[in-house]
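Note sheet for the following structure.
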């Protein structure tokens, strides 16, 4: 396979897209459960106060931001015959599956012990192992192709997998827990199953996904030359790479956008509380999770034909507007299940469409940075963007925990809640997503990379051709 010319922009085969999408299915078997059930598991099953859980989530995610950066740096430094991203997926698949079971285990360790255990296992599963796999997995799509539309389609396919995982979690988690007899042990059994399935899916990603874009220094080593062929960016120090992406305006916009989008998504953890205390039936949370996941999947599929037609930025803008419209509908009759479902359907399609193209948009900033500065750093770009997204996920959990605590929520599952707690639950469910959606629309208004990308890629191809020619002449 040639490392030059059209290889990097050749469209990825359909089966390879399907295999790649299995990674996000595997991730979401645990990630979605963490966002939707872990708060509930800790407060209602383990008995940890909501404010402590929210603080624990925040501390873990702040540490996760540091770990994201470490993983990004290691991706740029460590070399493997399997490529730049795929080795991480191969070697960490089994630890990820084991950590999923440990995360939803509640040993009898006393009041302090159970908090310590929860924090340690949350750090292991949700921070250390998850991040060390998720950043390389995200960067893998940018290493598979440079074609903007096909990269956008890779993003949509991975989101199909992501929502398939979310659908499994939403539809099967509580029934499986009940099947296994309820209680803490049943949660452990359920997530042992999820962890085993995740391991299998990650192996499929490793075997069938191909890295087609090779860095300049790797190409030079392959060719036995001390002179790097400048086709995928120039060699750089880690410090130089970090300083460079912090000057990348589109990367900065998308990082903040990711914070807001993941914060909005993280608010689904309020569903069990809203179902029990506003809709009057805790069991409705399963239906809400499932329904929301299905309509978000519809949003992903809606985005597929629109990627080439209107571009990733416009898809995202329409998604933000849909969230605002959906939340306003819910506000009209917040205790009516039918009205809530209508609002969730509109907003859910928007969220699905936004997630469908998010990672493709982040990938495009790699070529923008190479065009702007000559530096190409897939690991650092996705690590930095992931830091923002992790912060968003943490803020969602913190917003729930702190708002419930501020509203005087009483833990334990049997207490009658004060009016202030019900108001807090409604605020998180209805108004916070609307506020964040308006902020996302404001950021997208100033995003112009979709229009600029074709010319940027053309300029890069010309530079690479000239650089390859110059290097050939120098070695002749």
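Mind checking which residues of segment 54-84 are under 22 Å from residue 188 (Cα atoms) and at pLDDT 85 or above? The answer is 56, and nothing else.
Test residue 275 against the criterion of being buried (at least 22 other Cβ atoms within 10 Å of the Cβ) and at pLDDT below 85, and give yes or no. The answer is no for residue 275. Pairing each residue of segment 49-74 that is closer than 20 Å to residue 110 by Cα with any residue that is at pLDDT 85 or above and assigned to a helix (DSSP H, G or I), provided the two are 6+ apart or on different chains, yields C-beta distances under 6 Å for 53/42; 56/119. Does segment 421-430 contain any residue that is over 30 Å from residue 246 (Cα atoms), out of contact with any helix residue (DSSP H, G or I) (no Cβ under 8 Å at 6 or more places or on another chain), modelled with pLDDT of 75 or more and not in a helix (DSSP H, G or I)? No, every residue in segment 421-430 fails to be over 30 Å from residue 246 (Cα atoms), out of contact with any helix residue (DSSP H, G or I) (no Cβ under 8 Å at 6 or more places or on another chain), modelled with pLDDT of 75 or more and not in a helix (DSSP H, G or I).
Of all the listed residues (58, 29), the sole one being surrounded by 24 or more Cβ atoms within 10 Å (Cβ to Cβ) and at negative phi is 29.
Residues are listed down the side, and each one gets a yes or a no for (1) surrounded by 18 or more Cβ atoms within 10 Å (Cβ to Cβ); (2) at pLDDT below 85; (3) on the phi < 0 side of the Ramachandran plot:
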| site | (1), (2), (3) |
| --- | --- |
| 154 | yes, yes, yes |
| 177 | yes, no, yes |
| 207 | no, no, yes |
| 228 | yes, yes, yes |
| 231 | yes, yes, yes |
| 255 | yes, no, yes |
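Given the criteria within 25 Å of the chain's Cα centre (by Cα), assigned to a helix (DSSP H, G or I) and modelled with pLDDT of 85 or more, does residue 385 qualify? So residue 385 fails the test. When each of 298, 322 is tested for being surrounded by fewer than 17 Cβ atoms within 10 Å (Cβ to Cβ), on the phi < 0 side of the Ramachandran plot and at pLDDT 85 or above, the lone residue that passes is 298. Within segment 65-124, restricting attention to residues that are more than 26 Å from residue 206 (Cβ to Cβ) and part of a loop (DSSP other than H, G, I, E, B), the residue that is nearest to the chain's Cα centre (by Cα) is 105.
In segment 307-319, the qualifying residues are those that are surrounded by 24 or more Cβ atoms within 10 Å (Cβ to Cβ) and modelled with pLDDT of 90 or more, and the one that is farthest from residue 440 (Cα to Cα) is 315.
Checking 159, 133 one by one, the residue that is in contact with a helix residue (DSSP H, G or I) (Cβ under 8 Å, 6 or more places away or on another chain), buried (at least 24 other Cβ atoms within 10 Å of the Cβ), modelled with pLDDT of 90 or more and within 17 Å of residue 32 (Cα to Cα) is 133 and no other.
The values are calculated or read from the model by the stated rules, or taken from the named source; none is laboratory data. Note that the structure is predicted; figures quoted are calculated from it, not measured. All Cβ positions, even for glycine, are placed from backbone atoms using ideal geometry, and neighbour counts span all protein chains on display.
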